Every structure is written in structure tokens, then in C-alpha cells.
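Have a look at the structure below before the remarks.
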Amino acid sequence: MRFRRYVIPLTLVLVAAGCTDQTGPSPTAVPVPLAINGLVAGAGGIPLGRGDSVRITLTIDTVFFNVDFQPSGVLFSSSSPAQLAIWYQDASPDLNGDGVVDATDQALKDQLAIWYRGSRTQVWRQVWSKNDPLQEVVSAALYHFSQYAVAW
């Protein structure tokens with residue numbers, strides 16, 4: 001799997017499960033519609049009680065185009081997983097970085113998918129994801145927090 005720095009900037013949307021929390025330093029935080037009983041466990045996989053919340057942080061690496069979700073161990077219900085959507089409409093169309101936008105770049109764009117790894121020592125694995133090249137968005141269901149990236 002190749003990660004390309006050309007697939008930036010990005011827009012991320014994470015729809016998680018459990019509350020409509022707007023806490024955090026972001027002045028652009030918006031209410032997130034969440035499924036009932038979708039958030040199963042918090043940090044370290046510790047089960048959550050009714051009304052519990054989890055502060056979520058995202059670290060975006062714009063060189064390797066990956067996103068690290070914390071806290072580690074957050075789990076989502078298999079029947080109500082969180083949904084991740086990553087838009088790439090503002091990315092350079094020269095995905096292979098050869099200085100020419102051509103059919104090769106279009107073929108790579110059609111292959112974009114979401115990948116994850118649990119830690120920096122683990123290998124990247126492709127997540128079942130849906131790429132919409134017309135809307136320029138890749139989306140996937142998330143069942144746990146990890147590092148996620150868009151790649152081909």
C-alpha cells in the first residue's frame with residue numbers, strides 16, 4: 001500500500017454513537033447525531049454506563065494523510081458502528097506525483113480506500129470502504145479507534 005502526500009487537504013466527518021457532545025477546543029464543533037447504544041466501551045475498552053461520555057481527539061498527519069483517533073480502546077457496537085467519511089476534493093489530482101494528470105491518476109483515484117492499523121508497529125490493513133470518485137469521498141464503518149488513512 002502506498003501513502004501519498006498528494007491527497008491533502010482533507011475534510012473529516014466522524015459520526016459516532018452515544019451522545020451529541022460538543023466539548024473541546026474547536027470553535028467549529030457541531031452536534032454529532034449519534035445512534036443509541038452505539039458506543040460500547042471507552043478508553044482501554046472499559047464498558048460505559050448510561051450517560052457516560054468520551055472525549056475524542058484526532059491527530060491528522062498531512063504528510064502521510066492519516067488520522068489517529070484517541071483514546072485507544074474505544075469500541076462501537078457492531079449494529080451501530082461509527083461512520084467515517086474523508087473528502088479529498090481539494091487534493092492534488094496528480095496522485096502518483098509524476099507531474100502529469102492522466103488516466104493513471106484516475107485509475108488510482110478509483111482505487112482509494114480507507115486503511116487502518118492499531119499501532120505504529122502493526123501493518124496497514126484495508127477496511128471495507130466505499131469510494132465515490134464523483135463526490136470525492138471515501139467512507140467506512142468504524143468499530144474501534146485506530147490510525148486511519150486514505151490510500152490505494
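Nearest 0.05, what FRET efficiency do THR104 and TYR143 give at R0 = 35 Å with Cβ-Cβ as r? Before the final figure, lay out each step's value.
Details: r = 34 Å, r/R0 = 0.96.
It comes out at approximately 0.55.
Quick check on the range 52-138: take the gyration tensor over C-alpha atoms, sort the square-rooted eigenvalues as a ≥ b ≥ c, and tell me if it's rounded (a/c under 1.5), prolate or oblate. List each step's numbers first, then the result.
Details: a/c = 2.27, a/b = 1.87, b/c = 1.22.
It is prolate, given that a/c is not under 1.5 and a/b is the larger ratio.
Please arrange VAL123, VAL101, VAL40 by how many other C-beta atoms lie within 10 Å of their C-beta, fewest to most. Can you show the working numbers first?
Working: VAL123 8, VAL101 13, VAL40 19.
Ascending number of Cβ neighbours within 10 Å: VAL123, VAL101, VAL40.
Sort VAL54, VAL138 so that the residue with the fewest other Cβ atoms within 10 Å of its own Cβ comes first and the one with the most comes last. Intermediate values should be presented prior to the final figure.
Working: VAL54 19, VAL138 24.
Ascending Cβ contact count within 10 Å gives the list VAL54, VAL138.
Order of ILE60, ILE86 from fewest to most other C-beta atoms within 10 Å?
On the way: ILE60 13, ILE86 24.
Least crowded to most crowded, the residues run ILE60, ILE86.
Can you give the FRET efficiency for GLN122 and ASP52, using 1/(1 + (r/R0)^6), R0 = 22 Å, r = Cβ-Cβ distance, to the nearest 0.05? Walk me through the numbers on the way to the answer.
Details: r = 28 Å, r/R0 = 1.28.
Efficiency, rounded to the nearest 0.05: 0.20.
Rule-based calculations on the coordinates, nothing more; no lab input. Since the model is a prediction, treat every value here as computed from it, not as a measurement. Virtual Cβ from ideal backbone geometry, glycine too; neighbours counted across all protein chains shown.
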